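Down below is the structure, laid out as structure tokens.
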Amino acid sequence: MEALSAYFSEVIITCPFTTCKIDSVYTTYKAAHIKFIPLPIVGGDTIKQKLKILTAFPKWFKTYKQLGYWADIVYMRLPDNVSLPAFFYYLFKRKSAFITYTGTWDNYKGEALTWRLEKWLLRNVFKGPCWVYTNKPLTLNHFHKGISPSYNRNYWHSQTMLVEKKKNDFYNGKEVLRFITVGALVPHKNQVAIIEACKLLKEKQQLFELTIVGGGPLFKLYKQKIEELGLEKEVVLAGKKTRNELAELFIEADFVIQMPYQEPYGKVPIEGWFYGLIPILSNVGVSEAFTGDGKFGYLCSPADIQKLAEIMHSLYINQQRFVDMIDAGRMFAFHNTLEDWAEQYNSVITSTYVRTN
């Protein structure tokens, strides 16, 4: 949002606010022209928690009205509890708006009904610019393919010398390969498949290290799994990390592995490309784009542990090929920075609204 705000004279962000915990990972907004309107935190998994959302409606709609008078254009991110009623409010008011759907664009088993409703609304009701995370062709003119960037061009350049060292190490051949996976320790992220593939890799007498970054309800279960498989020396449960701590881990790693069953935007692999990490990804969401259709990465079914282990084992042979793969992947990342993201949004918004108003 800070990158996009460069194209606007004033920006107000309204969202729920919470007290920051000591171990929270967060980023800050530094632009002086960005202001905030806090909203109450409501929602949850239980019926009681969901009904509590109704109590927040007066505050929400008061804020919608306030922003409707003030703003020239409204940006909404779906799926989201706050944005869904805002969608109907600004649609009724015929307010200029643009939207990003940050969830998985293809329907999937167990998906929330409200999320499917929101996708239906975007396809059949909303006519403004809408960005989605998908590799499939988009048949409606107001849809645009998008990604979720993390870094700017200056940061890309700042990592070049470290990446050159990584390429040189591959050219000479590495005996120990280092893998990293990042994400909440929850079932659909499927870190268990990576752990089990590591067991097969160890059986082939290969030397490796895997760092699992993230916290969540499966932490203890994964710790037990690692011990049962005898992987205590090879696999590390690192827990939650700050952005700077994660950057250090990316610098030390060679490959990023993500095996989720659903993944809307693949933030981790594109971050990895800034550090020259070659991705090994489940063939879901927009993963094909992050591997260049196999030119600079690897794809695998999230349920095929044997195939994942075979891919990992193949990495020890002919490592010189990784030099060109890193160059190609880094160039992909160079054209998917925060600046590129903001420039594309501004171009579409301008051509849609400024020319016609």
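The values are calculated or read from the model by the stated rules, or taken from the named source; none is laboratory data. The shown structure was predicted, so the numbers you read here are calculated from the model rather than taken from an experiment. Every residue, glycine among them, receives a Cβ derived from its backbone with ideal geometry; neighbour counts consider all protein chains shown.
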Exercise. If you scan segment 309-342, which residues turn out to be part of a loop (DSSP other than H, G, I, E, B) and surrounded by fewer than 16 Cβ atoms within 10 Å (Cβ to Cβ)?
Worked result: Ile317, Asn318, Gln320, His335
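Return yes or no: is Leu177 in a helix (DSSP H, G or I) and modelled with pLDDT of 95 or more? If you could, list the steps in order and put the result at the bottom.
On the way: in a helix (DSSP H, G or I): no; modelled with pLDDT of 95 or more: yes.
No; evaluated as a whole, the condition is false for this residue.
Quick check on my filter: what residues within segment 89-100 are part of a strand (DSSP E or B) and out of contact with any Pro (no Cβ under 7 Å at 6 or more places or on another chain)?
Initially, segment 89-100 is screened for residues part of a strand (DSSP E or B), giving 97-100.
Correct list: Ala97, Ile99, Thr100.
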Exercise. Does Thr27 fit the bill of being at pLDDT below 85, more than 22 Å from the chain's Cα centre (by Cα) and either closer than 26 Å to Thr242 by Cα or surrounded by 14 or more Cβ atoms within 10 Å (Cβ to Cβ) (or both)?
Worked result: no
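For every residue, the table says whether it meets (1) modelled with pLDDT of 90 or more; (2) at positive phi; (3) in the same structural domain as Ala342 (by TED's automatic domain parsing).
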site: Ser9; (1), (2), (3): yes, no, yes
site: Cys20; (1), (2), (3): no, no, yes
site: Asp23; (1), (2), (3): no, no, yes
site: Pro40; (1), (2), (3): no, no, yes
site: Gly43; (1), (2), (3): no, yes, yes
site: Gln49; (1), (2), (3): no, no, yes
site: Leu54; (1), (2), (3): no, no, yes
site: Phe61; (1), (2), (3): yes, no, yes
site: Trp70; (1), (2), (3): yes, no, yes
For this session: Return only the number of the condition from (1) buried (at least 23 other Cβ atoms within 10 Å of the Cβ); (2) outside any loop (DSSP other than H, G, I, E, B) that Gly276 does not satisfy.
Result: (2)
Problem set entry | Sole exception among (1) farther than 19 Å from Gln258 by Cβ; (2) in contact with a helix residue (DSSP H, G or I) (Cβ under 7 Å, 6 or more places away or on another chain); (3) part of a helix (DSSP H, G or I); (4) not small (Gly, Ala, Ser) for Asn168, by number | (2)
Exercise. Do we find a residue being in contact with a helix residue (DSSP H, G or I) (Cβ under 8 Å, 6 or more places away or on another chain), assigned to a helix (DSSP H, G or I), crowded, with 16+ Cβ neighbours inside 10 Å and among the basic types (Lys, Arg) anywhere in segment 264-271?
Worked result: no
Exercise. How many residues does segment 26-55 contain that are part of a loop (DSSP other than H, G, I, E, B) and not acidic (Asp, Glu)?
Worked result: 15
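Mind telling me which of the residues Tyr265, Tyr298 ends up being assigned by TED's automatic domain parsing to the domain that holds Leu185, within 18 Å of Ala333 (Cβ to Cβ), in contact with a Ser or Thr (Cβ under 7 Å, 6 or more places away or on another chain) and modelled with pLDDT under 95? Full working, then the answer.
Values: Tyr298 fails: modelled with pLDDT under 95.
From the options Tyr265, Tyr298, the qualifying one is Tyr265.
Which one is nearest to Pro269 (Cα to Cα), of the residues in segment 203-257 that are touching a residue at least 60 places away in the same chain (Cβ under 8 Å) and assigned to a helix (DSSP H, G or I)?
Applying the first criterion (touching a residue at least 60 places away in the same chain (Cβ under 8 Å)) to segment 203-257 yields 204, 206, 208, 240-243, 246, 249-257.
Going one step further and asking which of them are assigned to a helix (DSSP H, G or I), we end up with 243, 246, 249-252.
On the way: Arg243: 15, Leu246: 13, Leu249: 14, Phe250: 10, Ile251: 13, Glu252: 15 Å.
Residue satisfying both the conditions and the ranking: Phe250.
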For this session: Give segment 106-134 a look and list any residue that's within 12 Å of His144 (Cα to Cα) and in contact with a Pro (Cβ under 7 Å, 6 or more places away or on another chain), or say none.
Result: Tyr133
Problem set entry | Count of segment 220-235 residues which are within 17 Å of Gln206 (Cα to Cα) and out of contact with any helix residue (DSSP H, G or I) (no Cβ under 8 Å at 6 or more places or on another chain) | 1
Seminar exercise, completed: The correct count of residues that are touching a helix residue (DSSP H, G or I) at 6+ places or on another chain (Cβ under 8 Å), buried (at least 23 other Cβ atoms within 10 Å of the Cβ) and of a type in the set (A, V, I, L, M) in segment 279-308 is 3
Exercise. Taking segment 56-88, which residues are of a type in the set (D, E, K, R) and in a helix (DSSP H, G or I)?
Worked result: Lys59, Lys62, Lys65
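Do we have Ala238 as surrounded by fewer than 19 Cβ atoms within 10 Å (Cβ to Cβ) and assigned by TED's automatic domain parsing to the domain that holds Phe255 here?
Numbers: surrounded by fewer than 19 Cβ atoms within 10 Å (Cβ to Cβ): yes; assigned by TED's automatic domain parsing to the domain that holds Phe255: yes.
Yes.
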